[in-house]
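Take a look at the structure below.
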Amino acid sequence: MAKGMREIKSQIKSTQNTMQITKAMEMVAAAKLRRAQEAAQASSPYADKLKEVVASIAAGTKGVTHPMLQKREIKKTGYLVITSDRGLAGGYNANVLRKLVNTIRQKHKSADEYVLFVIGRKGRDYFRRLNMPITEEVIGLPDSPSFADIKSVAYTAVKQFEEGTYDELYIYYNHFVNAMTQIPTEKRLLPLEEVSGGTQLTSYEYEPSAERVLNVLLPKYAETLIYSSVLNGKASEFGARMTAMGSATKNAKKMISELTLTYNRARQAAITQEISEIVAGANAQG
């Protein structure tokens, strides 16, 4: 019984240490979430304004075309997926990776029909285990990523579409709703067919020509959408981690209460047994 009590006490101590860690991680994630959420919200006005400018030029000019605005026969598809570098974030990575893999298996018969661009160590390792082709990867993003941190993969993904390496580009990420809710999202990034949809058009004067301006702005707009999704994904990551660590802390508290109750019962039983043995010994001597 004494050995059992020592084991229970040791388990209580171990669970308490774990609870301290999960509580600290929850608080850190909450602090990072606020900053990430502000960054994600701050990126929206820039993307919206850039879309307005592009849509106004594209709609107000006749005879100007650009490969990023034109739909073509789908022979090959590009996928850009945003994951995290670390775990302990509930289903944050698993949900978006499962959604993408299911789509690939439904739409494609061989690896020659698609290419992958991966942001985050979890996604990279996952696709490596499945032996799926990764064209470019970015890992080790800071908690507050700048555009420079993802510029290489964003530029390559957009450039290869322009060059005709593939005929459409989708982005997969977790859309941030709140700390409790992150929605695995699929968004068709290229071609930009809907660039003028629902946008208030404004008349602009530009030099040297509409075509030259679109050649510069369209790739920047697509790259901006990728960066905005990365910021949204970061907010989702910290929200998921805060929620997961909060749940872990609650579970640890519940386990400590149950173990403490078990310990007290075992201690009471041990005391009762000792009293019984003392009484029995006294009666034997009498």
Query - Between the range 219-250 and the range 104-118, the alpha-carbon center distance in angstrom - result: 25 Å
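Rounded, prolate or oblate: which fits the range 1-131, taking a ≥ b ≥ c as square roots of the Cα gyration tensor eigenvalues, rounded meaning a/c under 1.5, else prolate when a/b beats b/c? Write out the running numbers ahead of the final one.
Values: a/c = 5.58, a/b = 1.93, b/c = 2.90.
Cα axes put the range 1-131 in the oblate bin.
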Query raised in the report: Taking amide hydrogens as modeled 1.01 Å from N in the peptide plane, which residues meet the under 5 Å criterion relative to ILE139, leaving out close sequence neighbours?
Result: GLY120
Query - Accessible carbon and sulfur surface of the chain relative to its total accessible area, %, 1.4 Å - result: 51 percent
Requested in this report: Pick out which of TYR126, TYR79, TYR114 has the largest mean-square fluctuation in a Gaussian network model of the chain, springs linking Cα atoms closer than 10 Å.
Outcome: TYR126
Query raised in the report: For the chain, modelled as a Gaussian network with Cα springs under 10 Å, which listed residue fluctuates most, GLY123, GLY140, GLY90?
Result: GLY140
Query raised in the report: How large is ³J(HN,Hα), in whole Hz, for each residue of the range 13-28 in order, when computed from phi with the Karplus curve 6.51 cos²θ - 1.76 cosθ + 1.60 and θ = phi - 60°, using x for Gly and Pro?
Result: 5, 5, 5, 5, 5, 5, 5, 4, 5, 5, 5, 5, 5, 5, 5, 5
Query raised in the report: Using a 1.4 angstrom probe and counting only protein chains, how large is the accessible area of SER144 in Å², to 10?
Result: 80 Å²
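When only the heavy atoms of the protein chains count and the probe is 1.4 Å, how do GLU205, GLU52, GLU168, GLU186 rank by accessible area, highest first?
Result of the area sort, largest leading: GLU205, GLU186, GLU52, GLU168.
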Query raised in the report: Relative to the present Cα-Cα distance, how much length would full extension add between THR18 and ARG267 at 0.36 nm per residue of separation?
Result: 87.2 nm
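Over the chain, with the other protein chains present, what is the accessible area per residue in square angstrom, probe 1.4 angstrom? Provide the component values of the computation, followed by the final result.
Working: 15740 Å² over 286 residues.
Result: 55 Å² of accessible area for each residue.
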Requested in this report: Calculate the all-directions average of the projected area of the range 54-151's alpha-carbon convex hull, and give it in nm².
Outcome: 8.8 nm²
Query raised in the report: Amide H to amide H, which residues 5 or more places from HIS108 or on other chains are under 5 Å from it, using H placed in the peptide plane?
Result: none
Query raised in the report: Could you sort VAL279, VAL153 by accessible area so the largest value comes first, with the probe set to 1.4 Å?
Result: VAL279, VAL153
Report task. Order MET5, MET25, most accessible first, counting only protein heavy atoms with a 1.4 angstrom probe. Result -> MET25, MET5
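Could you grab the Rg to Rh ratio for the range 219-283? Cα atoms only, Kirkwood for Rh. Provide the component values of the computation, followed by the final result.
Details: Rg = 28.0 Å, Rh = 16.8 Å.
Taking Rh as the inverse mean 1/r over Cα pairs, Rg/Rh reads 1.66.
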Query raised in the report: Where a ≥ b ≥ c are the square roots of the eigenvalues of the C-alpha gyration tensor, would you call the chain rounded, which needs a/c under 1.5, or, failing that, prolate if a/b is larger than b/c, or oblate?
Result: prolate
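The values are calculated or read from the model by the stated rules, or taken from the named source; none is laboratory data. Keep in mind that this is a model prediction, so the values were computed, not measured. Quick note on the areas: whole protein, heavy atoms, side chains included, nothing else; ligands and nucleic acids left out. Shrake-Rupley method; radii C 1.70, N 1.55, O 1.52, S 1.80 Å.
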